[in-house]
Amino acid sequence: MLQTILENEIRTRGISVREAARQIKVAHTTLLRVLRGEQIDFGTLTKICAWIGISPANVLNSEYSIGEHLADELKMFLDNNPELSAALNRVIHEIKSRQLKRTVLDDLLAYITFRISISNDGPAILE
């Protein structure tokens with residue numbers, strides 16, 4: 001999705017990839033990787049989204065769908081990961097007490113989704 005959005009934005013502005021990269025403050029080779037559909041780091045994604053004027057959460061969340069048994073899977077996962085469970089309980093408390101802004105939550109969820117999508121190396125959490 002980011003590939004298409006970036007292509008359209010560059011075309012709409014009538015600029016080259018090098019000029020877009022200069023404006024975004026990333027290497028032009030980085031933008032070429034995006035335009036080829038390759039993975040990029042979250043910091044680069046954030047810069048590109050800011051330049052385009054969209055939220056990273058919208059880009060990342062559009063790529064994934066929620067499974068039918070999400071609640072059951074999440075409970076099983078959290079039961080096996082007490083530190084993560086405690087952290088999510090703190091987030092839930094802050095949401096309920098209206099101390100956590102929605103934009104912060106959107107960015108956290110986008111980052112989690114992004115990290116999961118690129119974390120094929122290293123040990124699995126449930127092992």
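No value in this document is a laboratory result; all are computed from the given coordinates. None of these values were measured; they are calculated from a predicted model. No Cβ is skipped: glycine too gets one built from the backbone with ideal geometry, and neighbour counts run over all protein chains shown.
Could you give me the ³J(HN,Hα) list for the range 22-38, computed from phi with Karplus coefficients 6.51, -1.76, 1.60 and θ = phi - 60°, whole Hz, x at Gly and Pro?
So the Karplus estimates, Gly and Pro as x, are 4, 5, 6, 6, 9, 5, 5, 5, 5, 5, 4, 5, 4, 5, 8, x, 7 Hz.
Please name whichever of Ile40, Ile24, Ile5 sits farthest to the positive end of the charge dipole of the range 2-54, dipole taken about the Cα centre and charges placed at Cβ: Lys and Arg +1, Asp and Glu -1.
Result: Ile24, furthest along the dipole toward the positive end.
What distance in nm separates the simple spin-label points at Glu7 and Ile92, each placed 7 Å from Cα in the Cβ direction?
A separation of 4.3 nm, rounded to one decimal place.
Using the count of nearby Cβ atoms within 10 Å as a rough guide to exposure, how do Val91, Val34 rank from fewest to most?
Fewest to most other Cβ atoms nearby, the residues stand as Val91, Val34.
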